[in-house]
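K.L.:
Pasting in a structure now, in structure tokens, and then I'll have a few things to ask.
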Amino acid sequence: MIVCKSLTKVYTNGDTDTPVLHGVSFSINKGEFVAIMGPSGSGKSTIMNILGLLDKPTSGTYHLDGKDVSYLSDDEQAYIRAQKIGFVFQSFNLLPRTTVLRNVALPLIYTGFDPHIREEKAKEALRASGFPEDRWDHMSNQLSGGQIQRVAIARALVNDPAIILADEPTGNLDTKTGEIVLATFKKLNKEQGRTIILITHEPDVASHADRVIHVRDGHLVS
């Protein structure tokens with residue numbers, strides 16, 4: 001599903017170049033649960049941004065489903081992103097005074113579905129994430145951290161993406177709640193065949209994945 005070859009990334013600020021990735025190559029098969037792990041500053045978030053089509057590599061190639069998506073226009077990347085990729089972030093990024101159901105349905109507003117279909121798809125995604133139905137009408141600021149993250153997972157699922165990219169999804173959660181969220185990812189992977197890519201700096205979190213890609217100082221080390 002994903003083949004990255006010799007990815008580099010250099011950020012330029014005035015006359016200063018800051019290399020972040022140094023020729024990183026790896027592949028991820030459809031239906032895998034993979035963790036990309038490394039300390040702060042290792043380049044793992046840059047890899048996530050490239051995989052999520054939020055950034056472009058300086059050189060190298062990124063093939064998604066057999067198509068080179070490395071240097072497409074912003075509009076072309078946005079279209080593929082909306083069709084194929086769901087995001088779950090550490091900071092949740094939900095609208096606070098909006099119901100759970102409306103938060104999950106929000107990405108569908110931009111895809112042309114009518115309100116009834118948006119609502120049905122949001123309900124389906126909430127069921128898949130294991131979020132209790134009696135709280136669908138709650139405002140997101142009335143929920144616990146673990147509940148909010150499961151809403152965020154449902155929102156990532158609502159477009160039926162091939163890939164879920166999770167960036168430090170347990171970073172703001174206590175250990176017990178984090179385990180529940182990670183179990184949700186494992187269920188989505190095993191029961192629905194979702195490809196899960198988990199970005200983390202914690203070995204305990206990475207251990208939930210089937211395979212771990214270790215990154216340090218912009219290099220893939222194992």
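The values are calculated or read from the model by the stated rules, or taken from the named source; none is laboratory data. This structure is a prediction, so every number in the text was calculated from the model and none was measured. Methodologically, a virtual Cβ is constructed for each residue, glycine included, from the backbone with ideal geometry; neighbour enumeration extends over all protein chains shown.
K.L.:
Could you say which residue among SER70, SER59 is buried (at least 18 other Cβ atoms within 10 Å of the Cβ), on the phi < 0 side of the Ramachandran plot, at pLDDT 90 or above and of a type outside the set (Phe, Trp, Tyr)?
P.N.:
Numbers: SER59 fails: buried (at least 18 other Cβ atoms within 10 Å of the Cβ).
From the options SER70, SER59, the qualifying one is SER70.
K.L.:
In region 86-100, is there at least one residue being of a type in the set (Val, Ile, Thr) and under 25 Å from GLY23 (Cα atoms)?
P.N.:
No: region 86-100 contains no residue that is of a type in the set (Val, Ile, Thr) and under 25 Å from GLY23 (Cα atoms).
K.L.:
Does ILE117 satisfy the criteria of being β-branched (Val, Ile, Thr), in a helix (DSSP H, G or I), surrounded by fewer than 23 Cβ atoms within 10 Å (Cβ to Cβ) and at pLDDT 90 or above? Please lay out each step first, then the result.
P.N.:
On the way: β-branched (Val, Ile, Thr): yes; in a helix (DSSP H, G or I): yes; surrounded by fewer than 23 Cβ atoms within 10 Å (Cβ to Cβ): yes; at pLDDT 90 or above: yes.
Judged against the criteria, ILE117 is a match.
K.L.:
When you scan region 2-36, how many residues do you find that are crowded, with 17+ Cβ neighbours inside 10 Å and either free of Cβ contacts under 8 Å to residues at least 12 places away in the same chain or in contact with a Leu (Cβ under 9 Å, 6 or more places away or on another chain) (or both)?
P.N.:
Final tally of qualifying residues: 11.
K.L.:
Further, regarding this structure: Out of THR195, THR184, THR200, which single residue is among the polar types (S, T, N, Q) and more than 23 Å from GLU124 (Cα to Cα)? If you could, list the steps in order and put the result at the bottom.
P.N.:
On the way: THR195 fails: more than 23 Å from GLU124 (Cα to Cα); THR184 fails: more than 23 Å from GLU124 (Cα to Cα).
Going through THR195, THR184, THR200 in turn, just one is among the polar types (S, T, N, Q) and more than 23 Å from GLU124 (Cα to Cα): THR200.
K.L.:
Would you check if ASP217 is in contact with a helix residue (DSSP H, G or I) (Cβ under 9 Å, 6 or more places away or on another chain) and touching a residue at least 60 places away in the same chain (Cβ under 8 Å)?
P.N.:
Working: in contact with a helix residue (DSSP H, G or I) (Cβ under 9 Å, 6 or more places away or on another chain): no; touching a residue at least 60 places away in the same chain (Cβ under 8 Å): yes.
So ASP217 fails the test.
K.L.:
Follow-up question, since we're still on this one. So which residues in region 151-182 are within 23 Å of LEU54 (Cβ to Cβ) and charged (D, E, K, R), if there are any at all? Don't jump to the end; show me each part of the working.
P.N.:
Residues of region 151-182 within 23 Å of LEU54 (Cβ to Cβ): 151-172, 181.
Answer for region 151-182, where residues must be within 23 Å of LEU54 (Cβ to Cβ) and charged (D, E, K, R): ARG155, ASP160, ASP167, GLU168.
K.L.:
May I ask you to verify whether LYS44 is of a type in the set (D, E, K, R) and either without any contact (Cβ under 8 Å) to a residue 24 or more places away in the chain or surrounded by 15 or more Cβ atoms within 10 Å (Cβ to Cβ) (or both)? Reasoning before the result, please.
P.N.:
On the way: of a type in the set (D, E, K, R): yes; either without any contact (Cβ under 8 Å) to a residue 24 or more places away in the chain or surrounded by 15 or more Cβ atoms within 10 Å (Cβ to Cβ) (or both): yes.
Taking the combined requirement at face value, the residue satisfies it.
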